[in-house]
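Report on one structure; see the data block that follows.
The values are calculated or read from the model by the stated rules, or taken from the named source; none is laboratory data. This one's a predicted model, so the numbers in the text were calculated from it and none came from an experiment. Neighbour counts run over all protein chains shown; Cβ positions are idealised from the backbone, glycine included.
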Amino acid sequence: MRIASILGVAVLLAAASSQAQTPQANRAVVTDHARNSVAVVDLLTGEVMQRFETGSPGGLRRGVARGEVSLAQGEAGRVDVVDLGIALEDHGDHADLKLSGPRLVAKVAEGPKPSHVLAGDGRLASFFDGDGSVVVTGADSIRRLNAGTAHHGLAYPFRGSAGAMLMLSHAEANGARPGGVVVLDAEGKQVARRDDCPRLHGEAISNRVIAVGCADGVLLLDTRKGEFRKLAYPEGTALDRMVRTLIGGSDFHLFAADFGPDAVTVLDPDAGRFAVVELPARRVAYTLDPGRSQTMFVLTEDGSLHRIDTLKAEIAATVKLVEPYSMDGGWALARPRLSAAGGLVAVTDPAQGRLLVLDAATLAVQREVAMGGAPFNVMAVAGSGEQH
């Protein structure tokens, strides 16, 4: 009986340990500043799993599915999708993790100067600055629209109470900065419009609220109600400070954003409050893991990486990570970029041709991946679940 009891306990402990150690995958797409290629890296092992040839270097955005990342290649006039091979199959009380090899889906959309590529409602909307056209791709459909003028704009697909919708920027003339947005229904009919978002730039979603950066505040769209509201910046905000990029939390209802050259801000859309965090040097890049949005990561030009508590709006920890990268010299220069997912932070170091993988909680470097060339944009994706 004694032996049977011990064996029974051992079996239970082994089962508990197996359940606690849920399989996880962490992979990232990394572009090169000069070469027409992207690499897929396993962040848990440091293995460069695959390299794909592309039309030109480009910007990365999250795709429709968890394991997909879009690549907007402005010079080549095309949008590709990189499938990292991470998929979750929902079974209600748990999810199954399905892993496969990475693959490139080339030319999902084509047009002059693709810029913002946004996913929502099972659709991918690619905005082309060169002519103001938009290509919306779904599971079994492709639709092309036009914003009316060529400008640096955006198109955000979402699901509203009345069905499939698209939020589209508009500008007064070709080459002008967009000054507002319209909302179109599935037939392309305008159902809402706002003209009070000067110098519109940057967008994100959190808890079904889409936020758009403006020169004088942030425009919010409640996708459930189809209603807009505007939050003005704090009184006394300097003219060179505005939100230009945003990342929305999925576990917390908040937005992290840039705020001028030497600060970031956390927007609480429910309270209508901006919490500004001053940085010790000019900002090079920042990121937020949408699923763990209580923490923001910011790299400054002195080479330091800062972990920011978004709930307290304060710097919680700082480490010296890379050599200094000056923000002088324009945006054509290769500087580090970073992305967070699944408890890891991936940071490119183009001057050293490497990718650094850090523990998000401690900021300790776990591994260094030799990439060669000038690794630039990075997008990390993580998934965990059972495997049978």
Test each condition in (1) out of contact with any Leu (no Cβ under 7 Å at 6 or more places or on another chain); (2) small (Gly, Ala, Ser); (3) more than 24 Å from Ala317 (Cα to Cα) for Gly383 and report the one that comes out false.
(1)
Those residues of segment 94-145 that are in a strand (DSSP E or B) and under 20 Å from Gly202 (Cα atoms) come to a total of 17
Testing Asn36 on (1) of a type outside the set (Gly, Ala, Ser); (2) farther than 15 Å from Leu84 by Cβ; (3) modelled with pLDDT under 90, one condition comes back false. Which one is that?
(3)
Since Arg244 meets every condition but one in (1) touching a His at 6+ places or on another chain (Cβ under 7 Å); (2) within 24 Å of Ser161 (Cα to Cα), which condition does it not meet?
(2)
Conditions (1) within 22 Å of Ala334 (Cα to Cα); (2) at pLDDT 95 or above; (3) surrounded by fewer than 20 Cβ atoms within 10 Å (Cβ to Cβ) -> Ala28 fails only (3)
Could you list, in sequence order, the residues of segment 221-238 that are in contact (Cβ under 8 Å) with a residue 40 or more places away in the chain and either among the polar types (S, T, N, Q) or under 22 Å from Val134 (Cα atoms) (or both)?
Leu221, Thr223, Gly226
Restricting to segment 277-309, give me the number of residues that are surrounded by fewer than 17 Cβ atoms within 10 Å (Cβ to Cβ) and either in contact (Cβ under 8 Å) with a residue 40 or more places away in the chain or closer than 25 Å to Arg208 by Cα (or both).
4
Surrounded by fewer than 18 Cβ atoms within 10 Å (Cβ to Cβ), aliphatic (A, V, I, L, M) and not in a loop (DSSP other than H, G, I, E, B) - does that describe any residue in segment 232-253?
yes
Tell me which residues, restricted to segment 351-388, are surrounded by fewer than 22 Cβ atoms within 10 Å (Cβ to Cβ), at pLDDT 95 or above, out of contact with any Ser or Thr (no Cβ under 9 Å at 6 or more places or on another chain) and at negative phi.
Ala351, Gln352, Asp359, Thr362, Ala364, Val365, Gln366, Glu368, Ala370
Can you name every residue in segment 326-368 that is among the small types (Gly, Ala, Ser) and touching a His at 6+ places or on another chain (Cβ under 7 Å)?
Ala334
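Within segment 328-337, work out how many residues are surrounded by fewer than 22 Cβ atoms within 10 Å (Cβ to Cβ) and touching a residue at least 12 places away in the same chain (Cβ under 8 Å).
Here the count works out to 2.
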Scanning for something touching a Phe, Trp or Tyr at 6+ places or on another chain (Cβ under 8 Å), assigned to a strand (DSSP E or B) and charged (D, E, K, R), does segment 317-324 turn up at least one residue?
no
Assess whether Gly248 counts as being in contact with a helix residue (DSSP H, G or I) (Cβ under 7 Å, 6 or more places away or on another chain), closer than 19 Å to Leu60 by Cβ and not hydroxyl-bearing (Ser, Thr, Tyr).
yes
From the set of residues in segment 43-84 that are of a type in the set (Gly, Ala, Ser) and surrounded by 21 or more Cβ atoms within 10 Å (Cβ to Cβ), which is farthest from Ile205 (Cα to Cα)?
Gly58
Counting only residues that are part of a strand (DSSP E or B) and farther than 16 Å from Val243 by Cα, how many does segment 280-313 have?
10
Within segment 256-267, can one find any residue that is more than 29 Å from Phe376 (Cβ to Cβ), in contact (Cβ under 8 Å) with a residue 24 or more places away in the chain and surrounded by 15 or more Cβ atoms within 10 Å (Cβ to Cβ)?
no
Residue check: is Gly188 touching a residue at least 12 places away in the same chain (Cβ under 8 Å), touching a Leu at 6+ places or on another chain (Cβ under 8 Å) and surrounded by 14 or more Cβ atoms within 10 Å (Cβ to Cβ)?
no
Would you point out the residue of segment 146-165, among those that are aliphatic (A, V, I, L, M) and either without any contact (Cβ under 8 Å) to a residue 40 or more places away in the chain or part of a strand (DSSP E or B) (or both), that is nearest to His201 (Cα to Cα)?
Ala155
Within segment 189-212, track down each residue that is farther than 14 Å from Leu166 by Cβ and acidic (Asp, Glu).
Asp195, Asp196
